[in-house]
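The values are calculated or read from the model by the stated rules, or taken from the named source; none is laboratory data. Treat the numbers as computed from the prediction; the structure is a model and nothing was measured. Neighbour counts run over all protein chains shown; Cβ positions are idealised from the backbone, glycine included.
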Amino acid sequence: MAMIEITNLHKSFGAFPVLRGVNLTVEKGESMTVIGGSGSGKSVLIKHIIGLLFPDKGQVKVDGEVLNDLDEQGLNEVRKKFGMLFQGAALFDSLTVWENVGFGLKQHTKMSDKEIRDAATQKLALVGLKGVEDKMPADLSGGMKKRVGLARAIAMDPQIILYDEPTTGLDPITADAINDLIVDLRKKLGVTSVAITHDMHSAYKISDRIAMLYKGEIQETGTPDEIRGTSNPIVKQFITGSAVGPITAD
Amino acid sequence: MNNLLELIGNKTLALLREMGAVIIFCGQTFRWTFSRPFYLKNLLKQMEQIGVNSVPVVLTTAISTGMVLALQSYTGFKRFGAQSLIGAVVSLSMTRELGPVLTGLMVAGRAGASMAAELGTMRVTEQIDALYTLATNPMKYLVVPRFLASMIMMFFLSALGMYIGILGGYFVGVKVLGTNPTTYMNQSINNTEVSDIWYGLIKSLVFGAVVGLIGCYKGFNTEGGAEGVGKATTGAVVVSCMLILILDYFLSALLW
């Protein structure tokens, strides 16, 4: 059963088209990674999935509901099914770590502060963090911020987790630890996940299927092995990281 | 010539677009002000940041203005033998005009800039997007508390500014320049009506709304990283101050 269905998605900013008819389906429980270079439209695509942006044409369907048709309240109900890890973690500067992790619980449940703190501590333990509850985001390293962001993303027990460049800006070891964490969380929680990245090591490790986005269109979709063995010159050039080929650096 | 016309046309369109966006933003803020949930804790925090933390700067400005006003009035009025009117001049100026306007300008410079910088940083670091993904409306969570706190605290800060300014004028007029204290007080009280104070306070509510809305609008619509945050902050202060000065004339004319 499809959890996310993107059909003929078009989006332009001014006269500049970013997405030109994207079609993509993510099955329930599946881990899909969208790869592509900078400016290929990955971030715009993921923002459509959670209703931060809306299509000029086409539609995005999440768990059977078309996002364009929903009002503010309906959209918020759909958003509660999601957890999202942002590229820079996007932790709230003015809140402590546990308040960040428990933010959704505070807003949408009647739990007491103590219960929220306990739940936050539990989620932080799931991502391998202990004793950081009372720290401020500014006191954390990049890798720790990502972990806290991940704990916040899973705090409401979402059905879908979105990862925006989960390993960007991290050293290779921390990046791999985050990859392991993503795989581990998926096993433990059984969630559907969509990641966008240009880190092929990460893509191969965390994905059931990989889709390549280039110039606003999906070039190819397949399992990591199928992508590795692709004959599509655009995909081939991207995954091998070659400067020579149909893709030119902007 | 064509290029010049094109430039004027583009600038006009951009200005109209911006004005439209500001009006829509104000409309949304008013709409969300009266709908649940109400973030009382955020409101109190903002009242502290915008109001309580602005007290020193407002006090300094008001006392200095009241003192200078008394000193300058004395110098001018002495030529006509009308020194006894200093009290009336200081009271009327502080309540009707200088209290709310100077407080508005000071708060715009301090709290308006801070609002734009904070929300701008939240925009460029995707914290505002994160609020949406957590099913929380940033207009309600971030903008409404700042808008309300700005209005409420501007009211009290202006009242404080008026009082302290008058006190500063009294100190210079009576203690430094030797005006008879009874005459000074009588002139102040007899020539200042309660409506003068209300006119000033009504102005302060409008200025509070301007500072809150412009600070939040500029921050909320920040683009382009650190440079964008800088531009938003400068823009918030400049636009707020200009609007305060422009609206001051029309409000003065209206409340005459």
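Observations on the model:
- Flag if B:Leu142 is within 14 Å of chain A (Cβ to nearest Cβ), surrounded by 24 or more Cβ atoms within 10 Å (Cβ to Cβ), closer than 30 Å to A:Met156 by Cα and of a type in the set (A, V, I, L, M, F, W, C): yes
- The number of residues in the stretch A:10-57 being of a type in the set (A, V, I, L, M), over 21 Å from A:Ile234 (Cα atoms) and at pLDDT 90 or above comes to 6.
- Qualifying position, being over 17 Å from B:Met94 (Cβ atoms) and assigned to a helix (DSSP H, G or I), among B:Lys175, B:Lys203: B:Lys175
- Residue check for A:Arg147: outside any loop (DSSP other than H, G, I, E, B) and over 18 Å from A:Ala177 (Cβ atoms): no
- Residues being surrounded by 22 or more Cβ atoms within 10 Å (Cβ to Cβ), at the interface with chain A (Cβ under 10 Å from one of its Cβ atoms) and aliphatic (A, V, I, L, M) - total across the stretch B:102-127: 1
- Yes/no for A:Gly241 being in contact with a helix residue (DSSP H, G or I) (Cβ under 7 Å, 6 or more places away or on another chain), surrounded by fewer than 18 Cβ atoms within 10 Å (Cβ to Cβ) and small (Gly, Ala, Ser): no
- Scanning the stretch B:164-177 turns up no residue that is within 14 Å of another protein chain (Cβ to nearest Cβ) and either of a type outside the set (Asp, Glu) or in contact with a Phe, Trp or Tyr (Cβ under 7 Å, 6 or more places away or on another chain) (or both).
- Residues being over 21 Å from A:Ile182 (Cβ atoms), more than 11 Å from every other protein chain (Cβ to nearest Cβ), of a type in the set (Val, Ile, Thr) and surrounded by fewer than 18 Cβ atoms within 10 Å (Cβ to Cβ) are entirely absent from the stretch A:114-123.
- Of all residues in the stretch B:2-56, those satisfying the criterion of being surrounded by 12 or more Cβ atoms within 10 Å (Cβ to Cβ) and polar (S, T, N, Q) are B:Gln28, B:Thr29, B:Thr33, B:Asn42, B:Gln46, B:Gln49, B:Asn53, B:Ser54.
- Exclusive hit being over 21 Å from A:His48 (Cα atoms), within 17 Å of the chain's Cα centre (by Cα) and within 11 Å of another protein chain (Cβ to nearest Cβ), set A:Ala177, A:Ala155: A:Ala155
- In the stretch A:166-211, the residues that are acidic (Asp, Glu) and under 19 Å from A:Gly143 (Cα atoms): A:Asp171, A:Asp176, A:Asp180, A:Asp184, A:Asp199
- Wholly within the stretch A:45-110, helices (runs of 4 or more DSSP H) carrying at least 2 residues that are crowded, with 20+ Cβ neighbours inside 10 Å and more than 10 Å from every other protein chain (Cβ to nearest Cβ): A:97-101
- The condition of being surrounded by fewer than 22 Cβ atoms within 10 Å (Cβ to Cβ) and in the same structural domain as A:Gly245 (by TED's automatic domain parsing) holds for only one of A:Gly36, A:Gly41, A:Gly21, that being A:Gly21.
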